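Below is one structure, written out as C-alpha cells; comments come after it.
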Amino acid sequence: MAKSFFARLPSLLTITDEQAMWRVKMEADPQAFARLVERWEKPIQGLCTRMTGDLHRGEDLAQEAFARLFARRQQYEPTARFSTYLWRIALNLCYDELRRIQRRGEISLDEQTDQGGETPFADDERTPASLAAEQERAEAVRLALLQLAEPYRVVVVLRHYEGLKFREIGEVLDIPEGTVKSRMVEALNQLSRLLKPLVSDDRPTL
C-alpha cells in the first residue's frame, strides 16, 4: 500500500483541482482530497473570516466547507471549475452563519479579529510607526467591510482579497459580469463614505 501511495505521489502533485476532485468523487481518494485541502484551506479561511468578521468563525466554517465537500462528493459534476464549486459551498455556509448571527442579535463589528498580521497595505520594509498605521487602517477597512450588505461585501472580498477576476466572480455568484462590476462600484463608494471619518486618506486602497 505504501509503495502504491509513493508511486502515485508525482501525479498527485501535478494533477488539476478538477482531476483531484474527480478522484475524490469516484474513489473517495484520501490523498487527492488532502491535496485539495492543502491548496485551498487558506483562501477559504480568508473568505469566511472576512465575510463574518471573525477569525474563529472563519476557521470553523472553512473546516465545515471541506467536510461538506467530501460528504457531497457524489454531487460534484465537472461542468465548471472546481474552485467555483468550492467558493459556492463556502459562501453558502457564510450566508447561513450570518443569518444565524442576525437572529441571535450578535454584533461582530467591535470584535478584534487577528488575521495573522495580514494587511492589504503591507510593504516589504515597515517602520513601527508605519506598521501601526497600516494595522489601524486595515482594522478600519475590516469594520467598514462588515457594514456592507452581503451582495456588496462578497464582491469586494472575492476581487480584492482573493484575487478573482470579474468574470470568475460572476460564475461563483451566478450573475452577469456587468452586475459584478456595478456592485463593485457601489461597494467602493460605500466604503469610501464609511472610511472617510476613520482614516486620513481620501480613498482606501483595497
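Would you point out which residue out of ALA90, ALA71 is over 18 Å from LEU148 (Cα atoms), aliphatic (A, V, I, L, M), modelled with pLDDT of 80 or more and exposed (fewer than 14 other Cβ atoms within 10 Å of the Cβ)? Even if it seems obvious, please write down each step before you answer.
Numbers: ALA90 fails: exposed (fewer than 14 other Cβ atoms within 10 Å of the Cβ).
Sole residue among the options that is over 18 Å from LEU148 (Cα atoms), aliphatic (A, V, I, L, M), modelled with pLDDT of 80 or more and exposed (fewer than 14 other Cβ atoms within 10 Å of the Cβ): ALA71.
Regarding THR49, is this residue of a type in the set (Ser, Thr, Tyr) and within 30 Å of ALA144 (Cβ to Cβ)? Reasoning before the result, please.
On the way: of a type in the set (Ser, Thr, Tyr): yes; within 30 Å of ALA144 (Cβ to Cβ): yes.
Taking the combined requirement at face value, the residue satisfies it.
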Could you please tell me which pairs satisfy a Cβ distance under 7 Å, a separation of 6+ or placement on different chains, a first residue in region 76-91 that is touching a residue at least 40 places away in the same chain (Cβ under 8 Å), and a second residue that is among the hydroxyl-bearing types (Ser, Thr, Tyr) and assigned to a helix (DSSP H, G or I)? TYR76/TYR85
Would you tally the residues in region 85-100 being under 15 Å from GLU18 (Cβ atoms) and over 12 Å from the mean Cα position of the chain (by Cα)? 1
Identify the single condition in (1) at pLDDT 70 or above; (2) surrounded by fewer than 16 Cβ atoms within 10 Å (Cβ to Cβ) that VAL172 does not satisfy, given that it satisfies every other one. (2)
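A quick yes/no check of all residues on (1) at pLDDT below 90; (2) crowded, with 19+ Cβ neighbours inside 10 Å; (3) closer than 30 Å to VAL24 by Cα:
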site: ILE101; (1), (2), (3): yes, no, no
site: PRO120; (1), (2), (3): yes, no, no
site: GLN135; (1), (2), (3): yes, no, no
site: GLY178; (1), (2), (3): no, no, no
site: ARG183; (1), (2), (3): no, yes, no
Across region 26-49, what is the number of residues that are over 23 Å from the mean Cα position of the chain (by Cα) and crowded, with 18+ Cβ neighbours inside 10 Å? 1
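Inside region 149-196, can you point out the residues that are assigned to a loop (DSSP other than H, G, I, E, B) and either in the same structural domain as ARG88 (by TED's automatic domain parsing) or not aliphatic (A, V, I, L, M) (or both)?
Answer for region 149-196, where residues must be assigned to a loop (DSSP other than H, G, I, E, B) and either in the same structural domain as ARG88 (by TED's automatic domain parsing) or not aliphatic (A, V, I, L, M) (or both): GLU162, GLY163, LYS165, ASP174, PRO176, LYS196.
The values are calculated or read from the model by the stated rules, or taken from the named source; none is laboratory data. Since the model is a prediction, treat every value here as computed from it, not as a measurement. Please note: Cβ atoms are built from the backbone with ideal geometry, for glycine as well, and neighbour counts cover all protein chains shown.
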